[in-house]
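Enquirer: Questions regarding the structure given below will be posed in turn.
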Amino acid sequence: METITEKDAIRTITTHYIDGAFVESHGREVMGIIKPANGQLIGRVTLGDEEDTRRAIAAAKRAFATFGRTTKEERSRYLRQLHKAVSARVDDLTAVMIEEYGGVARFARLIVESGVNAFAAAEKGLQALPLRESWGGTTVTLEPVGVAGLITAWNANALFICLKLASAVAAGCAVVIKPSEMSSLQTRIMVEALNAAELPKGVINVVMGLGTVVGAELVRNRDVAKISFTGSVAVGEAIMRDAAATMKRVTLELGGKSPTILLDDAALDKAIPAAPTLAFMNSGQACAAGTRLLVPRSRFDEVKRAIRDEMRAFTVGDPADPNIMVGPMVSQKQYEHVESYIRKGIEEGAEVLVGGEGHPKGLEAGYFVKPTVFVNVKNEMTIAQEEIFGPVLSVIAYDSLDEAIRIANDSKYGLHSAVLGTDIQRARRVASELRAGRVVINNMTDDPQAPWGGFKYSGVGREYGKYGILAFLEPKAILE
């Protein structure tokens, strides 16, 4: 078995994980893996094709015939085995996320640990979920939907794989995982951990490849009953359309343009830095990033001063440095994408408070952008409506609380929101008016049993805890 180590100058991956074994790729296309901090080649991966994908689906189908009949106790044991095996690779997964993705050290470890904790959270959710219910002559059971295709994004590879896998295993589904090809080194270490968990052969299969090849085969293949996808709206729309041809069940998490409402009673020494932290988490490459900050017009000037002062703490640089807050974008393409939005903001009349176009001084070699804050933004501007997926914050003034709520909800997205204020009851009332799948008050709290997912274009369905497990289950009624 080939093993990826830090000592290898150019790491090469040529296998997929199918039916409990590392097998050579049938697909022959090779893609280079680039380190975003300096633009240097650090690896190569051989991408899978439709044949690799069909082999993985067939293995999952064979495994599901038995695995789908396992008990809650057996699935709980498998979740504990996965938790133990992935826990043993936390340091390796963190290091490779920093290197391959450019995630800053302080956030990368949190991402990886959140992924590991997903297995324990799924076990807890499973125990809280009744899989059988009876009344009179009626019995209802919750049964696994079948083979599931799990398609994940590049910005939190370990978390997405673990989260989706944990829910699927808890439900009794066998899976084929299609991670982002841009996360190949991270995926390889994760697969080594999953292999060490020693689940029955074929329950977990992983094929590296393009979404247009491997992902497309998962979506159209009749032997796949469920697709769980995290990624862009455009791809999510295509999955929903194409999955309808085989009546697949679909869960989609498609991103957001999340508002943070700063109330007029907010204490700025707490609200700022909370708001920039929400905006620039994971270097802004986060679907939950609070990239629209809504501020009372009466406090606009003091908020601007507070943000300008606070932004000195948002240092940009080597993501391996624990003092760095913002790392590079994942690729040259993503760097150019973010830069185009910064230019668009300037063209549309927004004022640059901090940051702006171009590389930060001394960081020209990598895919670094300047953390940028725009003020005097109108909500109809492009930078306030479209997901940029980079460290760009738009500050918008409001005159009344009703207007703030209206602006917050005036978006095609509805994944995440935040409310910052001293009066908690008032903050909760505002939170209840926001059209978002999750709302946090005063900080980025998390609860692995709480549902995760969005309204509107932010997706379909929910993940985490029992809600995530339910997405892989079908109710079946037997009546006497």
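The values are calculated or read from the model by the stated rules, or taken from the named source; none is laboratory data. From a predicted model like this one, the values you see are computed outputs, not experimental measurements. A quick note on method: Cβ atoms are made from the backbone with ideal geometry, for glycine too, and the neighbour counts reach across all protein chains shown.
Enquirer: Go through the range 420-464 and give me each residue that's charged (D, E, K, R) and touching a strand residue (DSSP E or B) at 6+ places or on another chain (Cβ under 8 Å).
Expert: Residues satisfying the conditions are Arg428, Arg435, Arg438, Lys456, Arg462, Glu463.
Enquirer: Assuming Lys476 fulfils every condition listed in (1) more than 24 Å from Gly284 (Cβ to Cβ); (2) of a type outside the set (Val, Ile, Thr); (3) outside any strand (DSSP E or B) apart from one, which condition is it?
Expert: All conditions are met except number (3).
Enquirer: If you don't mind, there's one more thing I want to ask. Mind telling me which of the residues Glu339, Glu310 ends up being surrounded by 18 or more Cβ atoms within 10 Å (Cβ to Cβ), closer than 30 Å to Leu401 by Cβ and of a type in the set (Asp, Glu)?
Expert: It is Glu310.
Enquirer: With respect to Arg44, is the statement that it is basic (Lys, Arg) and either under 21 Å from Met182 (Cβ atoms) or crowded, with 22+ Cβ neighbours inside 10 Å (or both) true?
Expert: Yes; evaluated as a whole, the condition is true for this residue.
Residue-wise test of (1) more than 25 Å from Gly231 (Cα to Cα); (2) among the aromatic types (Phe, Trp, Tyr); (3) at pLDDT below 95; (4) part of a strand (DSSP E or B).
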{"residue": "Asn379", "(1), (2), (3), (4)": "no, no, no, no"}
{"residue": "Gly390", "(1), (2), (3), (4)": "no, no, no, no"}
{"residue": "Val395", "(1), (2), (3), (4)": "yes, no, no, yes"}
{"residue": "Asp402", "(1), (2), (3), (4)": "yes, no, no, no"}
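Enquirer: Still on this structure: Can you find even one residue in the range 314-331 that is part of a loop (DSSP other than H, G, I, E, B), under 30 Å from Arg426 (Cβ atoms) and in contact (Cβ under 8 Å) with a residue 40 or more places away in the chain?
Expert: Within the range 314-331, one or more residues are part of a loop (DSSP other than H, G, I, E, B), under 30 Å from Arg426 (Cβ atoms) and in contact (Cβ under 8 Å) with a residue 40 or more places away in the chain.
Enquirer: Right, Thr230: touching a residue at least 40 places away in the same chain (Cβ under 8 Å) and not assigned by TED's automatic domain parsing to the domain that holds Gly358 or not?
Expert: Spelling it out, Thr230 is indeed touching a residue at least 40 places away in the same chain (Cβ under 8 Å) and not assigned by TED's automatic domain parsing to the domain that holds Gly358.
Enquirer: Would you say Arg435 is in contact with a Phe, Trp or Tyr (Cβ under 7 Å, 6 or more places away or on another chain), charged (D, E, K, R), in contact (Cβ under 8 Å) with a residue 24 or more places away in the chain and in the same structural domain as Glu357 (by TED's automatic domain parsing)?
Expert: So Arg435 passes the test.
Enquirer: Here's another thing I want to ask about it. Tell me, which residue of the range 418-440 that is β-branched (Val, Ile, Thr) and in a helix (DSSP H, G or I) is farthest from Ser400 (Cα to Cα)?
Expert: Checking each candidate, the answer is Ile424.
Enquirer: With respect to Leu393, is the statement that it is crowded, with 18+ Cβ neighbours inside 10 Å and among the hydrophobic types (A, V, I, L, M, F, W, C) true?
Expert: Taking the combined requirement at face value, the residue satisfies it.
Enquirer: Please state which of the following conditions Ala320 fails to meet, knowing it meets all the rest: (1) buried (at least 22 other Cβ atoms within 10 Å of the Cβ); (2) under 27 Å from the mean Cα position of the chain (by Cα).
Expert: Checking Ala320 against (1) buried (at least 22 other Cβ atoms within 10 Å of the Cβ); (2) under 27 Å from the mean Cα position of the chain (by Cα), the one that fails is (1).
Enquirer: For residues that are surrounded by 18 or more Cβ atoms within 10 Å (Cβ to Cβ) and outside any helix (DSSP H, G or I), tally how many sit in the range 236-248.
Expert: 1
Enquirer: It is to be established whether one or more residues within the range 468-477 are touching a His at 6+ places or on another chain (Cβ under 8 Å) and at pLDDT 95 or above.
Expert: Checked against the condition, which is being touching a His at 6+ places or on another chain (Cβ under 8 Å) and at pLDDT 95 or above, the range 468-477 yields no hits at all.
Enquirer: Hey, which of the strands (runs of 3 or more DSSP E) in the range 53-163, taking only ones fully inside, have at least 1 residues that are touching a helix residue (DSSP H, G or I) at 6+ places or on another chain (Cβ under 9 Å) and buried (at least 18 other Cβ atoms within 10 Å of the Cβ)?
Expert: Correct list: 138-144, 148-151.
Enquirer: May I ask you to say which residue of Ala288, Ala275 is in the same structural domain as Ala408 (by TED's automatic domain parsing), touching a helix residue (DSSP H, G or I) at 6+ places or on another chain (Cβ under 9 Å) and part of a loop (DSSP other than H, G, I, E, B)?
Expert: The conditions single out Ala288.
Enquirer: Out of the residues in the range 346-377 meeting the condition of being among the acidic types (Asp, Glu) and assigned to a loop (DSSP other than H, G, I, E, B), tell me which one is farthest from Gly327 (Cα to Cα).
Expert: Glu348
Enquirer: Among (1) over 22 Å from Gly149 (Cβ atoms); (2) modelled with pLDDT under 95; (3) surrounded by 17 or more Cβ atoms within 10 Å (Cβ to Cβ), where does Gly465 come up short?
Expert: (1)
Enquirer: Could you go through the range 398-411 and let me know if any residue there is touching a residue at least 24 places away in the same chain (Cβ under 8 Å), acidic (Asp, Glu), surrounded by fewer than 21 Cβ atoms within 10 Å (Cβ to Cβ) and farther than 13 Å from Gly290 by Cβ.
Expert: Checking the range 398-411: at least one residue is touching a residue at least 24 places away in the same chain (Cβ under 8 Å), acidic (Asp, Glu), surrounded by fewer than 21 Cβ atoms within 10 Å (Cβ to Cβ) and farther than 13 Å from Gly290 by Cβ.
Enquirer: Let me ask another. Taking the range 429-446 as the search range and keeping residues that are touching a helix residue (DSSP H, G or I) at 6+ places or on another chain (Cβ under 8 Å) and not hydrophobic (A, V, I, L, M, F, W, C), which one is modelled with the lowest pLDDT?
Expert: Asn443
Enquirer: Could you please find all residues in the range 132-152 being of a type in the set (A, V, I, L, M, F, W, C) and touching a residue at least 40 places away in the same chain (Cβ under 8 Å)?
Expert: Across the range 132-152, the qualifying residues are Val140, Leu142, Val145, Val147, Ala148, Leu150, Ile151.
Enquirer: Further question on the same structure: State which residue is surrounded by the fewest Cβ atoms within 10 Å (Cβ to Cβ) when the search covers only the range 179-221 and only residues that are among the small types (Gly, Ala, Ser) and in a loop (DSSP other than H, G, I, E, B).
Expert: For the range 179-221, the residue satisfying everything is Ala197.
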